[in-house]
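Participant: I have a structure I would like to understand better, so I am pasting it below and will then ask my questions one at a time.
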Amino acid sequence: MPPDLWNVEEAPEGVVVNWFYEEGAEVPAGAALVEVAVEKVPYEIEAPAAGRLHVEAPVDTPVRPGDLLGTIEAGDA
């Protein structure tokens with residue numbers, strides 16, 4: 001998760017709300033990938049690259065800036 005997504009002093013953690021793709025799906029670079037709520041405000045995080053998605057933080061998982069939400073294995077998406 002991008003470490004600069006929110007101000008840690010004001011809201012030290014968020015929650016994974018939704019994955020727009022399922023585990024193992026091929027995702028295109030730049031696609032909305034996951035939604036994280038911080039203080040009830042949703043933020044969409046885009047896929048930094050194309051490939052096969054591997055989810056590390058399922059829905060309802062508390063997360064902090066810098067946490068690993070998932071990985072993308074290089075592919076042809």
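Participant: Take GLY66 and tell me if it is part of a loop (DSSP other than H, G, I, E, B), surrounded by fewer than 16 Cβ atoms within 10 Å (Cβ to Cβ) and at pLDDT below 95. Steps first, please.
Facilitator: Values: part of a loop (DSSP other than H, G, I, E, B): yes; surrounded by fewer than 16 Cβ atoms within 10 Å (Cβ to Cβ): yes; at pLDDT below 95: yes.
In short, yes.
Participant: Ok, one more. Would you please name the residue that is surrounded by the most Cβ atoms within 10 Å (Cβ to Cβ), looking only at residues in the stretch 28-63 that are modelled with pLDDT of 95 or more and among the β-branched types (Val, Ile, Thr)?
Facilitator: For the stretch 28-63, the residue satisfying everything is VAL34.
Participant: Restricting the first residue to the stretch 41-56 and requiring it to be hydroxyl-bearing (Ser, Thr, Tyr), which pairs with a second residue that is assigned to a strand (DSSP E or B) meet a Cβ separation below 6 Å and a spacing of at least six or different chains?
Facilitator: Filtered contacts from the stretch 41-56: TYR43/VAL36.
Participant: Could you list, in sequence order, all residues of the stretch 30-44 that are out of contact with any Pro (no Cβ under 7 Å at 6 or more places or on another chain) and closer than 27 Å to ALA74 by Cα?
Facilitator: The initial filter retains those residues of the stretch 30-44 that are out of contact with any Pro (no Cβ under 7 Å at 6 or more places or on another chain), namely 30-34, 36-44.
Once the filter is applied, which keeps residues that are out of contact with any Pro (no Cβ under 7 Å at 6 or more places or on another chain) and closer than 27 Å to ALA74 by Cα, the stretch 30-44 yields GLY30, ALA31, ALA32, LEU33, VAL34, VAL36, TYR43, GLU44.
Participant: List, please: which pairs have Cβ atoms under 8 Å, are six or more places apart or on different chains, and start with a residue in the stretch 16-30 that is farther than 14 Å from PRO48 by Cβ and end with one that is β-branched (Val, Ile, Thr) and not in a strand (DSSP E or B)?
Facilitator: VAL16/VAL59; VAL16/THR61; VAL17/VAL59; ASN18/VAL59; TRP19/VAL59
The values are calculated or read from the model by the stated rules, or taken from the named source; none is laboratory data. Model, not experiment: these values are computed from the prediction. As a convention, Cβ positions derive from the backbone with ideal geometry for all residues, glycine included, and neighbour counts pool all protein chains shown.
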